[in-house]
1. Within segment A:103-161, work out how many residues are in contact (Cβ under 8 Å) with a residue 40 or more places away in the chain, open to solvent by 60 Å² or more (accessible area, probe 1.4 Å) and of a type in the set (Lys, Arg).
2. Scan A:Val51, A:Val85 and give me the residue that is at the interface with chain B (Cβ under 7 Å from one of its Cβ atoms) and over 25 Å from B:Ala28 (Cβ atoms).
3. Tell me, which residue of segment B:85-94 that is more than 8 Å from chain A (Cβ to nearest Cβ) and farther than 14 Å from A:His48 by Cβ is surrounded by the fewest Cβ atoms within 10 Å (Cβ to Cβ)?
4. Filter segment B:117-140 down to residues that are charged (D, E, K, R) and not in a loop (DSSP other than H, G, I, E, B), then give me how many there are.
5. Can you tell me how many residues within segment B:160-182 are open to solvent by 60 Å² or more (accessible area, probe 1.4 Å) and of a type in the set (S, T, N, Q)?
6. Within the bounds of segment B:147-159, is there any residue that is assigned to a loop (DSSP other than H, G, I, E, B) and open to solvent by 50 Å² or more (accessible area, probe 1.4 Å)?
7. For residues in segment B:67-84 being more than 14 Å from the chain's Cα centre (by Cα) and assigned to a helix (DSSP H, G or I), which is nearest to the other protein chains (Cβ to nearest Cβ)?
8. Just to check your reading of the model, which residue among A:Gly33, A:Gly22, A:Gly58 is at positive phi, in contact with a strand residue (DSSP E or B) (Cβ under 8 Å, 6 or more places away or on another chain) and open to solvent by less than 40 Å² (accessible area, probe 1.4 Å)?
Amino acid sequence: MNASVAAVDWPEQLYATLKRAGIRQVGYVPDAGHARLIDRVRADPDIHDVVLSTEEEGIALAAGAWLGGQRAVLLMQSSGVGNCVNMLSLARTCRFPLLMMITMRGEWEEFNPWQQPMGSIVEPVMKLNEAEIYRATKPEEVEGLAERAVQHVFGDERIAALILSQQLIGKKVWTK
Amino acid sequence: MSAQPTGGLDRRAAMAALLADRGDDLVAVPGLGSTCWDLAAAGDNDRNFYLWGAMGGAAMVGLGLALAQPERRVLVVTGDGEMLMGMGSLATIGIQKPANLAVVVFDNGHYGETGMQPSHTHGGGVDLVAVARGCGIETTVDVRDEAGLAALVGRIKTLSGEGPLFARLAISAAEAPRVLPERDGVVLKNRFRAAIGLKA
């Protein structure tokens, strides 16, 4: 872990951003890059932590939350974006606010080639779905980008993807 | 394989029974296709959120709503095909266990909107009640006749207890005329929120 990662605790900042934004529901399919944020959310009695069987469930969950007056965010790995594509029509047709925090695989120093095909098309897929893209590569830029994504989503009832790059998260360690 | 009606409850009468004297605390989400038209036919209401798409998402919209509005009863009514596409959501609901959520499946064993092709539940192939129970939804009901429907209506009137309710209704494969509700998603969203006292 390098000095800047140690200095800026971005998962904790993301949690603080969710709290400031008044997020009450967090849907997620676990990813190692989201592990600390998921732990914080699960320990928070004011947030419904909803573990999903597939990421597309989260699009519908967030729509229902908004219909009921609560704000939701979704946490997923890049591979999960592909599972969401048709369900994103719900957010687009109805202009539901939708904030997706996506941890990347298949880019920087990826060991597993099976992650590359979906990882390489996350941004184009999200752009085709009218999402604003906020990509964080350095720890010190995560919080600011997350705040802007929150404003875009809930201020204007739009879709945003906060992309947490593999360089930010760090290389997955493979051992036998 | 026959697509002819082979018994089962009338879908329009069943929906009307579920929504009769609904009360202001009940909000309804239908799946796309026939159950959406059935809900519209039972009487338009701002507290209905009609899904014209998002196949497989009805139960999850219901879950988000139920978690956000614990004092309201949330009634999802969807078809067997729509439920099959979102079957994992029963697992997600089984973990969350919101007591104010009812998921009711109108099971006619067919994909009605696309030409009545047999679905996985046709002829008893897949048992959605067993799936729901296996997902940890403890209160499950298999409704096969008018008496069962009346009992279900009674349960939905209160919808309080230890967890969510899942019901499967054996529905006749007879098709009913389309009754089309509002289809502008933004209008549907905003009128729903306004109706429950939120800023549209």
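The values are calculated or read from the model by the stated rules, or taken from the named source; none is laboratory data. Only a predicted model underlies this, so the values are computations on that prediction, with no experimental measurement involved. Methodologically, a virtual Cβ is constructed for each residue, glycine included, from the backbone with ideal geometry; neighbour enumeration extends over all protein chains shown. Note: areas computed on protein heavy atoms with side chains; ligands, DNA, RNA excluded. Shrake-Rupley method; radii C 1.70, N 1.55, O 1.52, S 1.80 Å.
1. Matching residues across segment A:103-161 total 2.
2. Numbers: A:Val85 fails: at the interface with chain B (Cβ under 7 Å from one of its Cβ atoms).
The unique qualifying residue is A:Val51.
3. Here is the first cut: in segment B:85-94, the residues more than 8 Å from chain A (Cβ to nearest Cβ) are B:85, B:87, B:90, B:93-94.
Among the residues that remain, those that are also farther than 14 Å from A:His48 by Cβ are: B:85, B:87, B:90, B:94.
Numbers: B:Met85: 20, B:Met87: 17, B:Leu90: 23, B:Gly94: 19.
Among those that are more than 8 Å from chain A (Cβ to nearest Cβ) and farther than 14 Å from A:His48 by Cβ, it is B:Met87.
4. Kept after step one, since they are charged (D, E, K, R), are these residues of segment B:117-140: B:127, B:133, B:138.
Narrowing further to those that are not in a loop (DSSP other than H, G, I, E, B): B:133.
Residues meeting the conditions: 1.
5. To start, the set of residues in segment B:160-182 that are open to solvent by 60 Å² or more (accessible area, probe 1.4 Å) comprises B:160, B:162, B:175, B:177-178, B:180, B:182.
Next, from what is left, pick out any that are of a type in the set (S, T, N, Q): B:160.
Qualifying residue count, segment B:160-182: 1.
6. So in segment B:147-159, the residues assigned to a loop (DSSP other than H, G, I, E, B) come out as B:159.
Imposing the further condition that a residue be open to solvent by 50 Å² or more (accessible area, probe 1.4 Å) reduces the set to none.
Scanning segment B:147-159, I find no residue that is assigned to a loop (DSSP other than H, G, I, E, B) and open to solvent by 50 Å² or more (accessible area, probe 1.4 Å), so the answer is no.
7. Within segment B:67-84, the subset more than 14 Å from the chain's Cα centre (by Cα) is B:67-72.
Next, only the ones that are assigned to a helix (DSSP H, G or I) stay: B:67-68.
Working: B:Leu67: 5, B:Ala68: 3 Å.
Result: B:Ala68.
8. Numbers: A:Gly33 fails: at positive phi; A:Gly58 fails: at positive phi.
From the options A:Gly33, A:Gly22, A:Gly58, the qualifying one is A:Gly22.
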